[in-house]
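**Student:** This structure is in structure tokens; I'll ask about it shortly.
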Amino acid sequence: HVLLAADYSQIELRIMAHLSQDPNLLKAFANNWDIHAATASEIFGVELENISHEQRRRAKAINFGLIYGMSSFGLAKQLGVERQDAQYYMDRYFQRYPGVLDYMERTRKKAHQEGFVETLFGRRLYLPEINARNMMRQKAAERAAINAPMQGTAADIIKKAMLAIADWQNRQSHDDIRMVMQVHDELVFEVRENKIELAQQTVRRLMENATKLAVPLLVSIGVGQNWDEAH
């Protein structure tokens with residue numbers, strides 16, 4: 001037997017593209033571009049093929065930082081730049097991805113009005129401190145409000161995938177492919193060596209079709225004698 005690790009590729013950013021319906025994000029994922037390089041191209045005004053490693057690194061921090069509601073202060077600290085530079089990057093990001101800014105503003109407003117946000121499938125996260133007098137607590141609740149629909153939807157999707165895979169496994173008469181663990185956006189399987197190809201094809205198909213978004217869901221798969229090798 002070997003371990004097979006199947007990981008959703010950038011699922012939260014794909015969910016952001018779906019929720020925000022931002023044209024540039026949708027275009028990047030539809031064309032299967034490197035999303036961090038595509039963001040760097042938009043922010044720094046450089047052709048996609050000329051993006052440097054450092055520009056891609058900064059764009060990656062911005063992509064993930066913003067979906068966690070990071071401030072310019074937090075981004076500056078993470079990138080090791082001045083706060084005004086981080087603010088410039090954020091302003092450029094929202095200029096190029098206005099749908100993301102609109103999504104964030106709509107989500108904050110909804111959270112303040114209703115006291116909760118929802119995943120794509122209607123699961124709620126209540127935010128008792130969204131209207132707190134203490135502004136630090138209120139801002140923390142706002143950050144959770146922005147992020148929860150993405151993280152929560154990702155959690156919903158992988159659970160739907162697990163159910164689909166379990167149904168498929170239950171229809172098999174053998175025990176050659178066993179789902180043994182979930183780690184965030186990844187499923188880990190113990191697979192008999194002569195069933196690797198079947199496992200790869202079926203797991204990828206079921207995970208990528210767990211739901212339909214405005215952009216493709218993609219899964220990367222690795223195989224190895226241990227979890228490290230499977231990555």
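**Student:** Please find, among Arg171, Arg133, Arg137, Arg143, the residue that is in contact (Cβ under 8 Å) with a residue 40 or more places away in the chain, farther than 24 Å from Asn31 by Cα, of a type outside the set (Ser, Thr, Tyr) and open to solvent by 40 Å² or more (accessible area, probe 1.4 Å).
**Tutor:** Values: Arg171 fails: in contact (Cβ under 8 Å) with a residue 40 or more places away in the chain; Arg133 fails: in contact (Cβ under 8 Å) with a residue 40 or more places away in the chain; Arg137 fails: in contact (Cβ under 8 Å) with a residue 40 or more places away in the chain.
Exactly one of Arg171, Arg133, Arg137, Arg143 is in contact (Cβ under 8 Å) with a residue 40 or more places away in the chain, farther than 24 Å from Asn31 by Cα, of a type outside the set (Ser, Thr, Tyr) and open to solvent by 40 Å² or more (accessible area, probe 1.4 Å), namely Arg143.
**Student:** For Ala148, indicate whether it is crowded, with 20+ Cβ neighbours inside 10 Å and assigned to a helix (DSSP H, G or I).
**Tutor:** On the way: crowded, with 20+ Cβ neighbours inside 10 Å: yes; assigned to a helix (DSSP H, G or I): yes.
Here the answer is yes, as Ala148 does meet what is asked.
**Student:** Condition check: assigned to a helix (DSSP H, G or I), over 23 Å from the mean Cα position of the chain (by Cα) and of a type in the set (A, V, I, L, M, F, W, C). Does Ala199 satisfy that? Full working, then the answer.
**Tutor:** Values: assigned to a helix (DSSP H, G or I): yes; over 23 Å from the mean Cα position of the chain (by Cα): yes; of a type in the set (A, V, I, L, M, F, W, C): yes.
It is true that Ala199 is assigned to a helix (DSSP H, G or I), over 23 Å from the mean Cα position of the chain (by Cα) and of a type in the set (A, V, I, L, M, F, W, C).
**Student:** Another question, if that's okay. Would you tally the residues in the range 110-128 being surrounded by 13 or more Cβ atoms within 10 Å (Cβ to Cβ), assigned to a loop (DSSP other than H, G, I, E, B) and either touching a strand residue (DSSP E or B) at 6+ places or on another chain (Cβ under 9 Å) or on the phi > 0 side of the Ramachandran plot (or both)?
**Tutor:** So the answer is 3.
**Student:** Collect the residues in the range 202-226 that are in a helix (DSSP H, G or I), touching a residue at least 40 places away in the same chain (Cβ under 8 Å) and in contact with a strand residue (DSSP E or B) (Cβ under 6 Å, 6 or more places away or on another chain), keeping them in residue-number order.
**Tutor:** Once the filter is applied, which keeps residues that are in a helix (DSSP H, G or I), touching a residue at least 40 places away in the same chain (Cβ under 8 Å) and in contact with a strand residue (DSSP E or B) (Cβ under 6 Å, 6 or more places away or on another chain), the range 202-226 yields Val203, Arg204, Met207.
**Student:** So, one more: What number of residues in the range 80-118 are more than 22 Å from Ala144 (Cα to Cα) and aliphatic (A, V, I, L, M)?
**Tutor:** 1
**Student:** Any idea how many residues of the range 22-40 are more than 15 Å from the chain's Cα centre (by Cα) and within 17 Å of Thr211 (Cα to Cα)?
**Tutor:** Selection size over the range 22-40: 1.
**Student:** Let me ask something else. Do the conditions hold for Val180, that is, is it open to solvent by less than 60 Å² (accessible area, probe 1.4 Å) and at negative phi? Steps first, please.
**Tutor:** Values: open to solvent by less than 60 Å² (accessible area, probe 1.4 Å): no; at negative phi: yes.
Criteria not met by Val180.
The values are calculated or read from the model by the stated rules, or taken from the named source; none is laboratory data. Computed from a predicted structure; not experimentally measured. Here Cβ is always computed from backbone atoms with ideal geometry, including for glycine, and neighbour counts include all displayed protein chains. Surface accessibility is based on the protein's heavy atoms, side chains included, excluding ligands, DNA and RNA. Shrake-Rupley method; radii C 1.70, N 1.55, O 1.52, S 1.80 Å.
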